[in-house]
Amino acid sequence: MKFDGRVTLITGASQGIGEAIAYALAREGAEIALLDIQPDKLEAVAENIRRDGGKAATYVADVSRSDQVSEVIEKAIQAHQKIDHVVNNAGITRDNLLMRMKEEEWDAVLAVNLKGTFNLSQAMIRHMMKNRYGRIVNISSVVGVMGNAGQTNYSASKAGVIGFTKSLAREVASRGITVNAVAPGFITSAMTEALPDEVTENFMNLIPLKRFGTAQDVANAVTFLLSDEAGYITGQVINVNGGLLM
Ligand code: NAP
């Protein structure tokens, strides 16, 4: 299988896109380190992987907290002996028009989506540099590129993830580490189910492929970027958006 002997750590792995990425990689033989902020749903995902013959362990941490992240990464490296891939997927929204946006809404989104990506990557990078191998995939968003009314905080965080990805890719390329981003468009999930009907309808009208994406569509792109076949790709943003933005 494609990822035999590889260990992949995925944040926000309890549900949605992170969960789909975990199953996709486990099916290809990777040992999975699942990280999320709450333990219960996470354990169920690990159980599903084990039931299908895969290997999975769970780690609980708030990605916005550097102390929790470094503690958990240390534990995970000890438990698995190494970590080859990190998928920075944990993300939140706190939508509001700028006029009404509370400082806490701004801070919370930047702390999880952008600082969380920084925390995880920083905690991992020495280990990957020592191994002279690593793959980091950061989950951005189409709105980090095109913007979206009501999401100044979220789109700023996701645009930040793209800048972070490109800069880190340049820093670590000589050590055999690639860093890329995936920018999903409108993906059916808990995050998008919370949106009003009018917003979803408007998005559908703008999607040339005339369907919303699935978590599996995103997982397919992530799987490719983590594979040996993607070894010459770094600092890139792969758009998975049905043509919403070209
Ligand atoms: P989701 O269903 O809400 O899943 C996100 C996961 O991250 C949840 O399990 C959540 O746990 C966890 N999480 C939240 N805050 C965390 C923290 N501080 N530390 C650790 N884990 C935390 O979202 P999704 O739709 O699968 O989205 C996954 C990623 O794709 C996000 O980065 C999102 O921005 C991005 N994305 C999604 C779409 C879309 O259409 N769905 C489009 C573009 C980009 P709790 O549920 O316990 O809070």
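On full extension of the chain, what length is gained from residue 199 through residue 82, given 0.36 nm per residue of separation minus the C-alpha to C-alpha distance?
On the way: separation 117, 0.36 × 117 = 42.12 nm, distance 4.30 nm.
Net length gain for the segment: 37.8 nm.
Residue order for 28, 229, fewest other beta carbons within 10 angstrom first, comes to 229, 28. For residue 55 and residue 130, the difference between the fully extended length at 0.36 nm per residue and the C-alpha to C-alpha distance is 24.6 nm. Residue 185 sits among other residues whose Cβ lies under 11 Å from its own Cβ, and their net charge, with Lys and Arg +1 and Asp and Glu -1, is 0. Among 95, 67, 197, the largest mean-square fluctuation in a Gaussian network model of the chain (Cα springs under 10 Å) belongs to 197. By definition, a body whose alpha carbon gyration tensor gives a ≥ b ≥ c is prolate when a/c is 1.5 or more and a/b is larger than b/c, and segment 104-181 fits this prolate description. Oblate is the label for segment 8-93, because the ratio a/c of its alpha-carbon gyration tensor axes (a ≥ b ≥ c) is 1.5 or higher and a/b is not greater than b/c. Length available on full extension from residue 146 to residue 224: 0.36 nm per residue minus the Cα-Cα distance, which gives 25.6 nm. Contact order, relative form, for segment 73-181: 32 percent (alpha carbon pairs under 8 Å, 6 or more residues apart, mean separation divided by residue count). Positive contributions from Lys and Arg (+1) and negative ones from Asp and Glu (-1), summed over other residues with Cβ under 13 Å from the Cβ of residue 39, come out at -4.
Between residue 71 and residue 48, the simple spin-label model (points 7 angstrom out along Cα→Cβ) gives 2.8 nm.
Restricting segment 119-203 to trypsin sites (Lys or Arg not before Pro) that sit in a DSSP loop and have at most 12 other Cβ atoms within 10 Å of their own Cβ leaves 132. In degrees between 0 and 90, to the nearest 10, how far off the longest principal axis of the chain does helix 66-80 point, with axes built from Cα atoms? Around 40 degrees separate the two axes. Over all other residues within a Cβ to Cβ distance under 10 Å of residue 115, the charged ones net out to 0, with Lys and Arg as +1 and Asp and Glu as -1.
Taken together, the values in this text are just the output of simple stated rules run on the coordinates, not laboratory data. Given the structure is predicted, the values throughout are model-derived calculations rather than measurements. So basically every Cβ, Gly included, is an ideal-geometry build from the backbone, and we count neighbours across all protein chains shown.
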